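Take a look at the structure below.
The values are calculated or read from the model by the stated rules, or taken from the named source; none is laboratory data. Note that the coordinates shown come from a computational prediction; the quantities given were computed from them, not determined experimentally. With ideal geometry, Cβ positions are generated from the backbone for all residues, glycine too; neighbour counts draw on all protein chains shown.
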Amino acid sequence: MSEPRIVVIDNHGQFTHLEKRALRDAGVDTEIVDNETAPAEVDADGVVLSGGPSMDRTGRAAEYLDADVPVLGICLGMQLMATELGGRVASGDYGGYADVTVEVTDGDDPLIGSLAPETRTWASHADEVTELPAGFTRTATSEVCGVEAMSDPGRDLYGVQWHPEVAHTEQGEAVFENFLDICR
């Protein structure tokens, strides 16, 4: 079986290039695409919606939710997924980047179920998902944030509040490997 091709949608976040690097290190063809690019112009087996500074700078990124390939939303990418599909996002109580221990609440989840039950992550909580969209399950939580991760495996839509691509996050590579397994 050939390796999947993954496209990272650039929402102007500071870690977008690290997401591409993590996927390339996993041995897959990866490209960063500007978020003004239409899904019809992209050939991919999976999409990563990158983090970024604000919802008003996500361009056409929401259109990728209907691209008929697995989608992983990271930080702002997860928040975009939630708001576009009927969930809610609000300002978090804790703000900027910090070390956060998340508790995996769904050991069967294809994206994060294989992680340790408690995993140290690096995350921003300036904004966070406060209400899940219909069809999604909360798959991780923390003392800082009620929804640290969410999944809708039936639609191959997944999101994490934290940044699996940074060295501060334990088992970040496993998140990307699991996403690649989903894309295969």
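Any chance you could count how many residues in region 137-184 are of a type outside the set (Val, Ile, Thr), part of a strand (DSSP E or B) and either farther than 18 Å from residue 49 by Cα or modelled with pLDDT under 95 (or both)? Even if it seems obvious, please write down each step before you answer.
Initially, region 137-184 is screened for residues of a type outside the set (Val, Ile, Thr), giving 138, 140, 142-143, 145-146, 148-159, 161-165, 167-168, 170-174, 176-181, 183-184.
Next, from what is left, pick out any that are part of a strand (DSSP E or B): 138, 140, 149-152, 157-159, 162.
From what is left, the residues that are either farther than 18 Å from residue 49 by Cα or modelled with pLDDT under 95 (or both) are 138, 140.
Residues flagged as of a type outside the set (Val, Ile, Thr), part of a strand (DSSP E or B) and either farther than 18 Å from residue 49 by Cα or modelled with pLDDT under 95 (or both) within region 137-184 amount to 2.
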Condition first: surrounded by 19 or more Cβ atoms within 10 Å (Cβ to Cβ) and either at pLDDT below 95 or among the small types (Gly, Ala, Ser) (or both). Now tell me which residues in region 12-44 satisfy that. 13, 15, 22, 44
Starting from residues that are aliphatic (A, V, I, L, M) and touching a helix residue (DSSP H, G or I) at 6+ places or on another chain (Cβ under 6 Å), keep the ones in region 81-114 and report whichever is farthest from residue 131 (Cα to Cα). 111
Give region 106-123 a look and list any residue that's over 13 Å from the mean Cα position of the chain (by Cα), within 21 Å of residue 85 (Cβ to Cβ) and surrounded by 20 or more Cβ atoms within 10 Å (Cβ to Cβ), or say none. 109
Can you name every residue in region 34-84 that is over 16 Å from the mean Cα position of the chain (by Cα) and either part of a helix (DSSP H, G or I) or at positive phi (or both)? 39, 40, 41, 56, 57, 59, 68
